[in-house]
Structure formats: C-alpha cells, structure tokens
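Each value in this text was obtained by applying a stated rule to the coordinates, not by laboratory testing. Quick caveat: nothing in here was measured; it's all calculated off a predicted structure. As a convention, Cβ positions derive from the backbone with ideal geometry for all residues, glycine included, and neighbour counts pool all protein chains shown.
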Amino acid sequence: MKKIFPILVLAVLTSCKEYKALMAEETKFNLEKKIMFNNEDKESFSVNINGVEHNLFFDTGAGVTLINKPKFNLVQDRIIKQKLIYGFDKKATSSSTTYSVDSINTSLFTTKNKYLYVSDIENIKNCSNQKYDGILGNFFSEVDNEIELNYEKGFIEISSKPISKSGYVQLESKFNSNTGKFSVKITVNDISDYFLFDTGNKTGIVLNEEIYKNLSKKTTTFSTLNSVVNNAIVKIKYDIYQGVFKLSDDLAFNQYFAIDKTSRRSVLNQQFIKKFNWIIDKKNSKVYCKPINLNKLNSVYKVPSKKELSNVINNKILVTFCLEDESKYSVGDQIISINNQKITPENICEMQDFLNKTQDWSTLNLEVVPAIK
C-alpha cells in the first residue's frame, strides 16, 4: 500500500531526495500468511533484503529496521542521508546511513523502495558469536488488521477477520501511529502505568521511578555496562524489587522488576512478553494477551552467584556486570592482565572466557584500570 504523509510532515523533510524516497515506498501485507520465528529463542526472523537472506532480531521497541551487517553492496544513488539513531531509552546515539533498498520480502509482507538504516559499525573484535545481522523494527503502524503474535507456536500472522478472543484478557493500550510502538496498562502493587511493549529489551522489566517511588523490600542492586546501537556504551544501575503484577481481576502473579533512576517510562521485556500469546489491534487501540502456561507466570528473582561478569567491548575486556556493595570492582573497569599474563589481541577472547568461568574473582590476580567516574 502507498503511504500518505500529511502536509505538515512533508514540510519538514530535509531534502527533495528524502521526499522522493519516502513517496516511493510501497508495502504489501499478506493476509492469512504466517512468518515463523527461525530459532528456538523465538526472537528473530529470516528476511530477504535485496535478494539476500538476513537474520533480523524482532524488536517492537524499535521504530526502524537497522542492518549491522548488510550482505549486499550499497549503491551510491540509493543512499539518502546520514542520520542519528537512538538506543534504548535514548541513552545512546549513533550515526547510520539512511538507505532505500529495492526489496524486503518475508512470508508476511513484501516491500519496494523501503527505507532502512545501515549502522556505521566498524570491524570491532567481539568474542561472542553475533547471531543477528540487524533489527527488524516495528511494522504495526502500517497494519489495520488484527495481528496474532503467537509465542506458543512461534509465529506472527495478520488476519483477514477478527480473531477469537477466547481465553484472552484485554489490556488498555496506547499506540504511536508514526512508529508503531505501543504500550499496555498494567497494575503493579496497586499502581497502574502504561508499559512499552519491547521485545528488544533483554534485560528486565523497568518501572518508571517517578510513578513507583515508594517501593519497599529491595532485593539487590546491580550495575551493567551494555553495548547498544553501533557499539555505543550505556551504563545502567538497577534496584531489583518483587511485586504483584495484575493484568485483570483474575490474572495476578508475583514478578520481579527493576527501577532505573534515569528512566522515565515503564518497559516490558522479552522474557515477560514470551509468556503470553498476543492479539494486537492497532486500528481500535486494543491489545489482548493469553498466558501460555499459568504455572510459569510467577517469577522470583534469584541473586546471581557471581559478583561480576566481563565482556569484550571495543577491543578491551571490561567489567560489564557487578553486584553493588558486594563487588570491589565497578562496571567499566578494564582488566589488562590476569595472573600476571597481559591481555593481547591474540588472547583476549580466551582470557575473557576464563574470567567469566571463574566463580570467584578474588582467587585471581587482576590488574585493573578503574573506569572514569
């Protein structure tokens, strides 16, 4: 279907080239067709871009589709402009190339001349095997039909007729018509808020600190250092609590969550979302959920047995997780030697693996450069 843009929006477009690219976009959705998750984690899809298969992480918290590792050559006259994109909660920004691809094809939809973003990522050594070529952003803003997001069987389907709501609970919801992002209303410890539906959040459920500021019985506090959009680094400190989540009068359960004092919104995470099947009705601003297994809804937080963890970021071994008040290290500290053996580009992955397999870092002789406060 052709996109129609209001005159007010067109007036602020930065260039004639961008305007022409936007107006050339076409998307066709295939009703009664399923797109199947392509891994056991049910978090990614195979997407054919310019004739080449890409494995893209499904991120409903992202308003755009982003490729870190394009498997096709970029053509100069298809480059629209350079653009800043934002990581989680706008805590990090990164430059990217705005690019118009000839086609994006899945069993669920096909496009022509589609805008996406190519991350200006450098060839930085990363010891983990990156499973994904990029992010498949939200497409819900373009669909008026009801969408079934089924985690029990592992598929998304756009229905041509209303889907049966038997066994489902309706949640109050809000939709952003431009990005396709949406939020659902949940009551936590008798206080309600709208939670962003974010399959890209693989950390924890985050509560808006301004709304949930009188919580008691904190379980623990930990800090993390995450590499997000285009290897930008974000440091987050979480206070962990346990509380009662209530989706309806008949659906309430215990759930742990985090308070990030720098966040001003509540966000669901992937682990929570995958415990339900969902029906998303953007046209009528309605969202429905059905538990897959009622016996697995309660989630009790277990304090990690390890006080610290590390990762390789920008060719350095950094402390990327630590339990506050228990660890003598801070996130961002750089480990430069272990047991008097210097860390080099040749042994960095082996050393990082050894470090994370060590239960108690106090048994090691670590040379550390403290993080800049």
Tell me, what is the Rg over Rh of segment 165-322, with Rh the Kirkwood radius over Cα pairs?
0.99
Would you mind working out the magnitude of the charge dipole of the chain relative to its Cα centre, with +1 at each Lys and Arg C-beta and -1 at each Asp and Glu C-beta, to the nearest 20 Debye?
540
Let me see the pair-distance distribution of segment 308-369: every alpha carbon pair, 5 Å bin width, integer percents in order.
4, 20, 34, 29, 10, 3, 0
Magnitude of the Cβ-charge dipole (Lys and Arg +1, Asp and Glu -1) of segment 165-296 about the Cα centre, nearest 20 debye, reported as 280
To the nearest 20 debye, what charge dipole does segment 216-284 have about its Cα centre, counting +1 at the Cβ of each Lys and Arg and -1 at the Cβ of each Asp and Glu?
240
Relative contact order [Cα under 8 Å, 6+ residues apart], the chain, whole percent
15
So for each of 349-355, 74-80, 133-139 I average, over its residues, the number of other beta carbons within 10 Å; can you give me the resulting order with the highest mean first?
133-139, 349-355, 74-80
Taking the mean number of other Cβ atoms within 10 Å as a proxy for protection, how do you rank 294-307, 56-69, 35-48, 318-331 from highest to lowest?
56-69, 318-331, 35-48, 294-307
Two-site label geometry, D190 and L251: point separation in nm, points 7 Å out along Cα→Cβ
2.3
Extension reserve of the S337-S103 stretch, reckoned as 0.36 nm per residue once the Cα distance is removed:
79.4 nm
Of the cross-linked pairs K217/K307; K131/K218; K42/K282; K69/K185; K33/K174, which ones have a Cα-Cα span greater than 32 Å in the structure shown?
K131/K218; K69/K185
So for the chain, taking the charge dipole from beta-carbon charges (+1 Lys/Arg, -1 Asp/Glu), which of M23, S100, G204 sits furthest toward the positive end?
M23
So what is the relative contact order of segment 308-369, in percent, for Cα pairs below 8 Å that sit 6 or more residues apart?
34
Could you list C289, C127 in order of exposure, starting from the residue whose Cβ has the fewest other Cβ atoms within 10 Å?
C127, C289
Highest average packing first - 196-204, 24-32, Cβ atoms within 10 Å:
196-204, 24-32
Please give the calculated 222 nm ellipticity per residue for the chain, where each DSSP H segment of at least 4 residues contributes -39500 (n - 2.57) and the sum is spread over every residue; nearest 500 deg cm²/dmol?
-2000 deg cm²/dmol
